[in-house]
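The values are calculated or read from the model by the stated rules, or taken from the named source; none is laboratory data. Bear in mind the structure is a predicted one, so any value in this text is a computation, not a measurement. Because the Cβ atoms are built from the backbone with ideal geometry, glycine has one as well, and the counts that use them run over all protein chains shown. When the accessible area is computed, the model is the full protein with side chains, heavy atoms only, and any ligands, DNA or RNA have been set aside. Shrake-Rupley method; radii C 1.70, N 1.55, O 1.52, S 1.80 Å.
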Amino acid sequence: MKKPVLSIAGLSKSYGSLKALDDLHLEITEGQVFGILGPNGSGKTTTLGIILDVLRPDRGAYYWFGEPAHSGHRKRIGAILEEPVFYPYLSAVDNLKIIAAIKGTDNAKMDDVLEITGLLERKSDKFKTYSFGMRQRLAIAGALLSDPEVLILDEPTNGLDPQGIAEIRELITRIAARGITIIMASHMLDEVQKVCTHVAILQKGKKIAAGSVEEVLHDKKTIEVAANNLEKLQSTLMSLKEVLSVTQENNKLIATVEDTITPEALNKLLFEKNIVANHLALRKKSLEKYFLDLTTNQS
Amino acid sequence: MLHLLHIEQKKLLKYKTFWILTGLFFGLMVLVFFGVQGFINEVTQNTNTKSPVAIPEMSLYQFPDVWHNITFLAGYFKTILGIIFLILLTNEYTFKTIRLNIIGGLSRRDYFTGKALLMTALALALALLILVAGSILGFTNTKDVTLLMAMEKIAFPFAYLAETICYLFFVFFIGTILRKAGLAIGLLLLYTYIIEPILSFKLPDKISPYLPLNAVGNIIQVPNTQLMRVFGVEFYDGVSYASMGAAAAWAVLFGGMTYYILKNKDL
């Protein structure tokens, strides 16, 4: 059993009549790269804001490392929330020194994190002179400063040019390879697919799906099947080489099939095995398509 | 605790605006302390040429009254310190750096404590300036000066420290509810120079001395100079501990409300 990193139990938050977050439950365990995926306004930043104690939930609780959350936990976490925030009149180094003082760590790793993020040469320049990309990278340097067990990133590639995006994604993958748990909010499906191991999809503050990236965002074809004898149907489906996997959902079975198989073809295969299906439907949309529709409708 | 003050110090050490404003403020205070005697002399001489009664020459700088005189004067200038503190408070919201503090691992209580310590440090620095200025003025202007004379009204600089701290809790509250520098400074000035004076005027005399800024201001009352005696007015000659009690009660109330807001609101 992997150690729990973050448990979210029924968090809700409203801004006036707008429900930003509605009874959210999540479990994140050690070593995961967990993506929180959703269109703008789906509650991603609200979730991160709450678990970092910057926002207060109306209801619900969250637990860090299996304990009720307290400020000491945040010293073990490196985090970026929305845009990078630093004291504009101070240099990169002086800003990082403040973070080190808050976290109670020494300044030994300062040059390392500036090196990793490519800011070493500009370390004595004031934050206000930094470009957007540099600010984002300094935020990552700040998050890495205390050798965190957990890294929280909010839209880490937002507003960066293609080269910057590639650099940041590569950096995240390298950090994840060191066994650090990463929690990342993103509105970009391909980003989550490329970087994350697990994902939760949010829409209007509600979780609509969660699981491993393969489970949730697979692009395989699925067909719903039902018959009077579900058990026999299940064993028969599993015996077919064209069927890749079968899961049960209420009183239906969901068969993941090879791309060439249509509902008609599956029906024929079942009929040959003496099973009459009383329900047969191609799933109209995979979650991926559903999500793409969601985001394109929004923008 | 000191660790929290250390963090606040790191934020300010290279913040030019803060040092320029504080330097100007302290310079102004020194100028006022050392220049007020000349100003008063000028006024009395001018008046004496026209006045039927002779107004006695007076020294503001003699021990032990110098403590009362300069702390009373300094009371008028604490608004400037309030504005400096407001800028530091609202910066954390303008730059959103309050989030940097909390996300980094300070609890909301730590944040409150850090700012309260910073506030106390500012008040201490000002009290120290008064102690130094008062000593220089007293020792150079008192005939046959003894240490005992210097110590006689030494309670005043300490009372001034209490006055400033109580006052800054009020400022802390304003900065925490309004968050924007312009709004907060605007409200502070509006309340100080218009709202509370009107309230004092409207409310019965028994109540008005206990309004927040009145209570704070009454800790050190108008000095009982010869000038006042000429007009037949007798003022209370020591530190008003009743006012100090009222001011402390306000400070606890404003501090408590500030803490409650910081603890429970989104940042």
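Going through (1) within 11 Å of chain B (Cβ to nearest Cβ); (2) touching a helix residue (DSSP H, G or I) at 6+ places or on another chain (Cβ under 7 Å); (3) open to solvent by 10 Å² or more (accessible area, probe 1.4 Å) one by one, A:Y87 falls short only on (3).
Report whether or not B:V145 is of a type in the set (V, I, T) and not in a helix (DSSP H, G or I). Here the answer is yes, as B:V145 does meet what is asked.
Are any of the residues in the range A:245-255 in contact with a Leu (Cβ under 7 Å, 6 or more places away or on another chain), part of a loop (DSSP other than H, G, I, E, B) and small (G, A, S)? Looking for residues that are in contact with a Leu (Cβ under 7 Å, 6 or more places away or on another chain), part of a loop (DSSP other than H, G, I, E, B) and small (G, A, S), one finds none in the range A:245-255, hence no. Considering only the range A:17-26, I want to know if a residue exists there that is in contact with an Asp or Glu (Cβ under 8 Å, 6 or more places away or on another chain), surrounded by fewer than 23 Cβ atoms within 10 Å (Cβ to Cβ) and assigned to a strand (DSSP E or B). No, the conditions are met nowhere in the range A:17-26.
Would you kindly identify the helices (runs of 4 or more DSSP H) lying entirely within the range B:183-267 that contain at least 1 residues that are modelled with pLDDT of 90 or more and surrounded by fewer than 18 Cβ atoms within 10 Å (Cβ to Cβ)?
In the range B:183-267, B:196-202, B:241-264 are the helices (runs of 4 or more DSSP H) which contain 1 or more residues that are modelled with pLDDT of 90 or more and surrounded by fewer than 18 Cβ atoms within 10 Å (Cβ to Cβ).
Of all residues in the range B:137-150, exactly one satisfies the criterion of being surrounded by 15 or more Cβ atoms within 10 Å (Cβ to Cβ) and β-branched (V, I, T), namely B:T142. If the condition is being outside any loop (DSSP other than H, G, I, E, B) and among the β-branched types (V, I, T), then the range A:195-204 contributes A:V195, A:V199, A:I201.
Is it the case, given these coordinates, that A:Q203 is more than 30 Å from A:V5 (Cβ to Cβ) and either in contact with a helix residue (DSSP H, G or I) (Cβ under 6 Å, 6 or more places away or on another chain) or open to solvent by 20 Å² or more (accessible area, probe 1.4 Å) (or both)? It is false that A:Q203 is more than 30 Å from A:V5 (Cβ to Cβ) and either in contact with a helix residue (DSSP H, G or I) (Cβ under 6 Å, 6 or more places away or on another chain) or open to solvent by 20 Å² or more (accessible area, probe 1.4 Å) (or both). Of the residues B:A116, B:A184, which single one is under 16 Å from the mean Cα position of the chain (by Cα) and away from chain A (no Cβ under 14 Å)? Testing whether each residue is under 16 Å from the mean Cα position of the chain (by Cα) and away from chain A (no Cβ under 14 Å) leaves just B:A116.
Every residue, every condition in (1) surrounded by 15 or more Cβ atoms within 10 Å (Cβ to Cβ); (2) out of contact with any Ser or Thr (no Cβ under 6 Å at 6 or more places or on another chain), yes or no:
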| site | (1), (2) |
| --- | --- |
| B:S107 | yes, no |
| B:F112 | yes, yes |
| B:K115 | yes, yes |
| B:A121 | no, yes |
| B:L124 | no, yes |
| B:E152 | no, yes |
| B:L161 | yes, yes |
| B:F170 | yes, yes |
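Quick check: anything in the range A:106-119 within 12 Å of chain B (Cβ to nearest Cβ) and either under 26 Å from the mean Cα position of the chain (by Cα) or open to solvent by 20 Å² or more (accessible area, probe 1.4 Å) (or both)? Yes.
Can you tell me which residue is least open to solvent (accessible area, probe 1.4 Å) among those in the range A:165-182 that are aliphatic (A, V, I, L, M) and not in a helix (DSSP H, G or I)? Looking at the filtered set, the residue picked out is A:I182.
Considering the range B:1-96, the qualifying helices (runs of 4 or more DSSP H), each wholly inside and each with 1 or more residues that are at pLDDT 85 or above, more than 14 Å from chain A (Cβ to nearest Cβ) and open to solvent by 30 Å² or more (accessible area, probe 1.4 Å), run over B:16-50, B:65-75, B:78-94. Does the range A:39-62 include one or more residues that are more than 30 Å from B:I20 (Cα to Cα), open to solvent by less than 10 Å² (accessible area, probe 1.4 Å), away from chain B (no Cβ under 14 Å) and in contact with a helix residue (DSSP H, G or I) (Cβ under 7 Å, 6 or more places away or on another chain)? Taking every residue of the range A:39-62 in turn, at least one turns out to be more than 30 Å from B:I20 (Cα to Cα), open to solvent by less than 10 Å² (accessible area, probe 1.4 Å), away from chain B (no Cβ under 14 Å) and in contact with a helix residue (DSSP H, G or I) (Cβ under 7 Å, 6 or more places away or on another chain). B:M151 falls short on exactly one of the conditions (1) in contact (Cβ under 8 Å) with a residue 60 or more places away in the chain; (2) touching a helix residue (DSSP H, G or I) at 6+ places or on another chain (Cβ under 9 Å); (3) not basic (K, R), and that condition is (2). Counting only helices (runs of 4 or more DSSP H) that sit completely within the range A:39-128, those holding 2 or more residues that are without any contact (Cβ under 8 Å) to a residue 40 or more places away in the chain and hydrophobic (A, V, I, L, M, F, W, C) correspond to A:92-103, A:110-116. Being in contact with a Gly (Cβ under 6 Å, 6 or more places away or on another chain) and either surrounded by 22 or more Cβ atoms within 10 Å (Cβ to Cβ) or not in a strand (DSSP E or B) (or both) is true of A:V192.
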